[in-house]
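Following this message is one structure expressed as structure tokens.
The values are calculated or read from the model by the stated rules, or taken from the named source; none is laboratory data. Being a predicted model, the structure only gives us computed values, none of them experimental. Here the Cβ positions follow ideal geometry from the backbone for every residue, glycine too, while neighbour counts run over all protein chains shown. With ligands, DNA and RNA removed, areas are computed over all heavy atoms of the protein, side chains included. Shrake-Rupley method; radii C 1.70, N 1.55, O 1.52, S 1.80 Å.
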Amino acid sequence: MKLEKNRNILYSKKQILKNHPCANCYEVYFYAIDNSKIQFDMIIPKDKIKGVIIEFPEYKVLNKDYLSLSRYCLLGYTVISVHIRGQAGNSENNISCSHFPLLNNYQSIPYYNYVFQDCLDVISITQEMFPNSPIFLCGVGQGGAISIVCSAINKAIQKIFVADVSLCDLENIYNSDNDINFYSSIREFIRAYPHKEKNMLKQLKEIDILSYSNKVLAKVYYCYSHLDIITPKTSQNKLINSIKDIEVINYKKLEYKKIFQHAFDEFLLKKLAED
């Protein structure tokens, strides 16, 4: 499946929270390449817009509520929060996936390729809505991986803010027996289909962000937790070393969950306030 930067997409939007004091709030919908209905939330400041920040949530994590997202508006940014298909938000997923989310014995196209295309479509819609505004991407884990892939394909992205990125160095994670937790579907797949290792590795390579990271031109801010991590440090280091323009913020004594819950948001808001 070839990922497309600019598909011809029809979308609709519905205004909600009409009494919000500082922003106009919308739910936006479009139909994906497989006809799944995809939703994203959008909050637009009533004053001058400095730019747009698109947030991709971590795996199976519910999108931030409108109150939390409003913090970006106070800094002059439109914020978009994407509901990832078939996970915790409201987006549909019409494709089957035997070993969710990484591997699929039912068809050759991996689930995450559909996710990547959905998010590229969101960026395309955003560029149509805000043609003169800079666009930044952000996300933790899965959301960071999506940010890397989208910025590699859409060179208009100026900055991305990520933390503890997943979907990275997948074949090595399999070979080194680190296929646990988020990566456990790799182990489950090979146990069920030991004769399909070649096909499995092909699927993993297709969604491995190391296939994209050296094409990223955006400035990357990488928040790096050193405790209780999901993706091994060796794999994250490969990713960091492959990106041309990167600033690494090390949290040597802070667990991944604490980065995810507080530190990453605080860092992002601080950097946006500096612009």
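Any idea of the accessible area per residue across region 64-194, 1.4 Å probe, to the nearest Å²?
Value returned for region 64-194: 31 Å² of accessible area per residue.
At a Förster radius of 35 Å, what calculated FRET efficiency corresponds to the Cβ-Cβ distance of ARG71 and TYR193, to the nearest 0.05?
Step by step, r from the Cβ atoms, then E = 0.15.
From the protein chains alone at 1.4 Å, what is the descending order of accessible area for MET129, MET1, largest first?
Largest to smallest exposure gives the sequence MET1, MET129.
Using a simple spin-label model with points 7 Å from Cα along the Cα→Cβ vector, what separation in nm is obtained for LYS270 and GLN107?
The answer from the label model is 4.4 nm.
Identify which of the listed values of Kirkwood radius over Cα pairs in Å was calculated from the structure shown: (i) 19.9; (ii) 18.9; (iii) 22.1.
(ii)
Assuming 0.36 nm per residue, please report the length gained on full extension of the stretch ASN24 to ASN172 beyond their Cα-Cα distance.
Stretched fully, the ASN24-ASN172 segment lengthens by 48.7 nm.
For a quick check: with amide H placed at 1.01 Å from N, whose amide H comes under 5 Å from LEU254's, ignoring anything fewer than 5 positions away on the same chain?
Counting only residues 5 or more places away or on other chains, the set is HIS226, LEU227.
From the protein chains alone at 1.4 Å, what is the descending order of accessible area for TYR31, TYR114, TYR193, largest first?
Most to least solvent-accessible, the answer reads TYR31, TYR193, TYR114.
Moving to a separate point now. Tell me which residues come under 5 Å, amide H to amide H, from LYS50 once H is placed; ignore anything under 5 positions away on its chain.
TYR77, THR78
Using alpha-carbon pairs under 8 Å, 6+ residues apart, how would you state the relative contact order of region 149-275 in percent?
The normalised contact order for region 149-275 reaches 33 percent.
Residue by residue through region 125-135, which ³J(HN,Hα) values in whole Hz follow from phi under the Karplus form 6.51 cos²θ - 1.76 cosθ + 1.60 (θ = phi - 60°), with glycine and proline marked x?
4, 4, 5, 5, 6, 10, x, 10, 9, x, 10
Something else now. Can you compute the modelled spin-label distance between LYS215 and ARG7, with each label point 7 Å from Cα toward Cβ, in nm?
Spacing of the two 7 Å Cα→Cβ label points: 1.7 nm.
I've got another one for you. Over 22 Å between Cα atoms: which of LYS37/LYS196; LYS50/LYS271; LYS155/LYS270; LYS50/LYS155 fall into that group?
Going by Cα-Cα distance, LYS37/LYS196; LYS155/LYS270 fall outside the 22 Å limit.
Around LEU75, under 12 Å between beta carbons, what's the net of Lys plus Arg minus Asp minus Glu among the other residues?
Every neighbour counted, the sum reads +2.
Calculate the FRET efficiency for ASN132 and LYS244 from the Cβ-Cβ distance with a Förster distance of 22 Å, rounded to the nearest 0.05.
Efficiency at R0 = 22 Å is approximately 0.30.
Just the accessible area for HIS99, please: 1.4 Å probe, Å², rounded to the nearest 10?
Approximately 20 Å² for this residue.
In percent, what relative contact order does the chain have, based on Cα pairs under 8 Å that are 6 or more apart in sequence?
15 percent
From the Cα gyration tensor of region 149-275, with a ≥ b ≥ c the square roots of its eigenvalues, which class applies: rounded if a/c is under 1.5, or else prolate if a/b is larger than b/c, or else oblate?
Oblate.
Rounded to whole Hz and in sequence order, give me ³J(HN,Hα) for region 81-92 from the Karplus expression 6.51 cos²θ - 1.76 cosθ + 1.60, θ = phi - 60°, writing x for Gly and Pro.
With the stated coefficients, region 81-92 comes to 10, 8, 8, 6, 3, x, 10, 7, x, 9, 7, 7 Hz.
List the relative contact order of region 1-127 as a percent without decimals, with contacts defined as Cα pairs under 8 Å and 6+ residues apart.
It rounds to 25 percent for region 1-127.
Right, something else. Using the Karplus curve 6.51 cos²θ - 1.76 cosθ + 1.60 with θ = phi - 60°, work out ³J(HN,Hα) for each residue of region 18-34 in order, rounded to whole Hz, and write x for Gly and Pro.
Per-residue couplings from phi come out as 5, 9, 4, x, 10, 8, 9, 10, 9, 9, 10, 10, 8, 9, 6, 4, 9 Hz.
Quick one: if you stick a label point 7 Å off each Cα along the C-beta vector at ASP47 and ASN35, how many nm between them?
Modelled inter-label distance: 4.7 nm.
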